[in-house]
């Protein structure tokens, strides 16, 4: 089976509960549509968990990209012996990221050994911009947030930038492909803002699966093969 989650935001225990709820197996696939880190209390533990699972495929979210930018600068300063006297640009990047919810990720990161820091940063940098899952007669395009200035004129997904896919919203009033068998699955926007409920939202061949767990709401998961919805 093929499953999708999004915006887990460091809720490590709820992630493990969801794996039990869906009876996740070694021959299943799980796609996580970004914003795995930040806000919640155990983002580093969550990253380590998914890194140890070869059938879990993380996608770059805006939180990951912001963390990469700040942590790359921090690691450069540490490796050059400036850990006690960070560059002003490093301090600015870390401060802005922390204010946006990165504090818990930063606190977990600085406790790691130098080797572990580099491993975690390398792992974040390896997140894909998007994934495509084909289930039956449907093709699911999996992104964190949107398709940027999509014009349906044949531009290949691989040409899109992280800014397009992780920082630009989906228009849920638009069927992007005009094809009932091509579906965009995204996260980022909590679904209660779209439909007033903590449930997976479907509109015009767009699916949003961020049910607001970082705001004390629900963690949602969708099985792409059966369209079954799961909640913790």
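What share of the DSSP beta bridges in the chain is antiparallel, in percent to the nearest 5?
45
Over all directions, what mean area does the Cα convex hull of segment 18-152 project, stated in square nanometres?
Its average projected convex-hull area is 10.4 nm².
What Kirkwood hydrodynamic radius do you get for segment 1-61 when you take the inverse of the mean 1/r over all pairs of distinct Cα atoms, in Å?
11.4
Please identify, among 186, 80, 214, the residue showing maximal mean-square fluctuation in a Gaussian network model of the chain using a 10 angstrom Cα cutoff.
Maximum among the listed residues: 80.
For the chain, what log10 I(q)/I(0) values come out of the Debye formula at q = 0.09, 0.15 1/Å, with one point per alpha carbon and no solvent?
Values returned for q = 0.09, 0.15 Å⁻¹ are -0.37, -0.98.
With a point put 7 Å past each Cα toward its Cβ, work out how far residue 182 is from residue 21 in nm, to one decimal.
According to this spin-label approximation, the distance is 3.2 nm.
How far is it, in nm, from the label point at residue 227 to the one at residue 215 when both lie 7 Å from their Cα along the line to the Cβ?
Result for the modelled spin labels: 2.6 nm.
Roughly speaking, what % of Cα-Cα pairs in segment 63-125 are separated by over 14 Å, rounded to a whole number?
52
Under a plain spin-label model, where a point goes 7 Å from the Cα along Cα-to-Cβ, how far apart in nm are residue 135 and residue 84?
A separation of 5.4 nm, rounded to one decimal place.
Highest first, please rank the peptides 6-14, 86-94 by the mean number of other Cβ atoms sitting within 10 Å of their residues.
6-14, 86-94
Using mean Cβ contacts within 10 Å as the protection proxy, how do 163-173, 195-205 order, highest first?
Answer by packing, highest mean first, reads 163-173, 195-205.
Whole Å is fine, so just give me how far the alpha carbon centre of segment 1-56 lies from that of segment 174-212.
So the two Cα centres are separated by 20 Å.
Nearest 500 deg cm²/dmol is fine: what mean residue ellipticity at 222 nm does the chain get from its DSSP H runs of n ≥ 4 alone, each adding -39,500 (n - 2.57), divided by its residue count?
It lands at -9500 deg cm²/dmol.
Relative contact order of the chain: what whole-number percent is it, with Cα pairs under 8 angstrom and at least 6 residues apart?
Once normalised by length, the contact order is 24 percent.
Name the residue, out of 158, 103, 53, whose mean-square fluctuation peaks in a Gaussian network model built on the chain with Cα pairs under 10 Å.
Comparing 158, 103, 53 in a Gaussian network model of the chain, the most mobile one is 158.
Please find, in a Gaussian network model of the chain (springs between Cα atoms separated by less than 10 Å), the residue of 59, 78, 184 whose mean-square fluctuation is greatest.
Maximum among the listed residues: 78.
Values in this text are rule-based calculations from the coordinates and carry no lab data. Since the structure is predicted, the reported quantities are computational estimates derived from the model, not experimental observations. Every residue, glycine among them, receives a Cβ derived from its backbone with ideal geometry; neighbour counts consider all protein chains shown.
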